[in-house]
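Here's the structure we're looking at; comments come further down.
The values are calculated or read from the model by the stated rules, or taken from the named source; none is laboratory data. These figures come from a predicted structure and were not determined experimentally. Note that each Cβ is placed from the backbone with ideal geometry, even for glycine, and that neighbours are counted across all protein chains shown.
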């Protein structure tokens, strides 16, 4: 499931966007009559956008979440919103990357946290 409309690097910062159309399966049942993007999906969107930070190391490998720390959800994301993600590597140990990421809608913080990724050979 691809949850990124566009992503690129601005220096050492990953930047990506996803427009919530409202027809996504995860919005349909969460919550009936008041659709919102689930927090776990926001984390996946942040993770997919931040994968651009590891492009040089990706050939022949897969990116897996190894953990999340201090993830907080501040505001709801609803159909019609465009999420902007920004992430930056804070440290690296071998093929394990530690990234601080945040998701905003119209400049308003919706989610943030430290994400940990591990690259694994295919």
Tell me whether segment 42-57 contains one or more residues that are touching a residue at least 24 places away in the same chain (Cβ under 8 Å) and either in contact with a helix residue (DSSP H, G or I) (Cβ under 8 Å, 6 or more places away or on another chain) or exposed (fewer than 10 other Cβ atoms within 10 Å of the Cβ) (or both). no
In segment 1-13, which residues are crowded, with 16+ Cβ neighbours inside 10 Å and in a loop (DSSP other than H, G, I, E, B)? 3, 4
Checking residue 65 against (1) in contact (Cβ under 8 Å) with a residue 24 or more places away in the chain; (2) surrounded by 13 or more Cβ atoms within 10 Å (Cβ to Cβ); (3) within 12 Å of the chain's Cα centre (by Cα), the condition it does not meet: (2)
In this structure, does residue 82 turn out to be in contact with a strand residue (DSSP E or B) (Cβ under 8 Å, 6 or more places away or on another chain), within 19 Å of residue 1 (Cβ to Cβ) and surrounded by fewer than 19 Cβ atoms within 10 Å (Cβ to Cβ)? yes
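Residue under question is residue 16, and the condition is that it be under 23 Å from residue 78 (Cβ atoms), in contact with a strand residue (DSSP E or B) (Cβ under 7 Å, 6 or more places away or on another chain) and not in a helix (DSSP H, G or I); does it hold? Can you show your working first?
Working: under 23 Å from residue 78 (Cβ atoms): yes; in contact with a strand residue (DSSP E or B) (Cβ under 7 Å, 6 or more places away or on another chain): yes; not in a helix (DSSP H, G or I): yes.
Taking the combined requirement at face value, the residue satisfies it.
When segment 7-41 is examined, which residues are found to be over 25 Å from residue 69 (Cβ atoms) and out of contact with any helix residue (DSSP H, G or I) (no Cβ under 9 Å at 6 or more places or on another chain)?
Keep residues of segment 7-41 that are over 25 Å from residue 69 (Cβ atoms), which gives 8, 19-25, 27-29, 31-35.
If the condition is that a residue be over 25 Å from residue 69 (Cβ atoms) and out of contact with any helix residue (DSSP H, G or I) (no Cβ under 9 Å at 6 or more places or on another chain), then 19, 23, 25, 28, 29, 31, 32, 33, 34 are the ones that fit.
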Are there any pairs with C-beta distances below 8 angstrom linking a residue in segment 22-41 that is touching a residue at least 40 places away in the same chain (Cβ under 8 Å) to a residue that is in a helix (DSSP H, G or I) and surrounded by fewer than 16 Cβ atoms within 10 Å (Cβ to Cβ), with the two at least 6 apart or on different chains, and if so which? 35/28
For strands (runs of 3 or more DSSP E) lying entirely in segment 27-122, having 2 or more residues that are under 14 Å from residue 14 (Cβ atoms) picks out 82-93, 96-105, 108-121
Out of (1) modelled with pLDDT of 95 or more; (2) loosely packed, with under 14 Cβ neighbours inside 10 Å, what's the single condition that is false for residue 25? (1)
